[in-house]
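Reviewing the structure listed below.
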């Protein structure tokens, strides 16, 4: 991968295009993290999870919300309760946590009550249900328990800014390159964003500079 980056950097230098190596490394580290999670507690077990109930997402209006545990999963199997130290997927009847979708990562935060604290490290969809993936830091938790769901507000705000930036980038590219430009994919998290788009040739240096200006003007006071 390093040699591929070096080759790309060489080509870009020939065209006076600056390569964001720090952004590249940040995106690669995010991918490595997700790969590590998938190889351990994550995709292997999550693929086995089948949830009959549905969750109501209320995260556009709330970052804190009271809910009820409707299902618990450990190692992909439904359980009635979990204890401190156990990794699990917690499903609630309603939640402010955004589940990963459309290239945007899921929320992190905490589920808590009088006698327990569950650290949410990721949020995923399981059919019509929303699963909070993480570890019970203290106490015990069982199906039917009431919980207070708290989203990491600062992280959500950073993700929202990057999400908005993808729309600005798309609009700028269509303005500079033409209306044929369409989004083909994206990655949006709290640290970086990646925007994939279709175009019939490599962008010229002047097109790259022009594409940056609308976003720069928008961010200016």
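The values are calculated or read from the model by the stated rules, or taken from the named source; none is laboratory data. Because the structure is predicted, anything quoted here is derived from the model rather than measured. Using ideal geometry, Cβ is built from the backbone for each residue, glycine included, and neighbour counts are taken over all protein chains shown.
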Note to self: residue 129 - would you say it is surrounded by fewer than 13 Cβ atoms within 10 Å (Cβ to Cβ) and modelled with pLDDT of 90 or more?
What the structure shows: no
Checklist line | Among (1) surrounded by 14 or more Cβ atoms within 10 Å (Cβ to Cβ); (2) in contact with a strand residue (DSSP E or B) (Cβ under 9 Å, 6 or more places away or on another chain), the one test that residue 146 misses | finding: (1)
Check: Among (1) modelled with pLDDT of 75 or more; (2) surrounded by fewer than 17 Cβ atoms within 10 Å (Cβ to Cβ), where does residue 106 come up short?
Finding: (2)
Next item on the list: State which residue is modelled with the highest pLDDT when the search covers only the stretch 152-186 and only residues that are crowded, with 18+ Cβ neighbours inside 10 Å and under 16 Å from the mean Cα position of the chain (by Cα).
Entry: 156
Item checked: Where residue 83 falls short, out of the listed (1) without any contact (Cβ under 8 Å) to a residue 12 or more places away in the chain; (2) in contact with a strand residue (DSSP E or B) (Cβ under 7 Å, 6 or more places away or on another chain) -> (1)
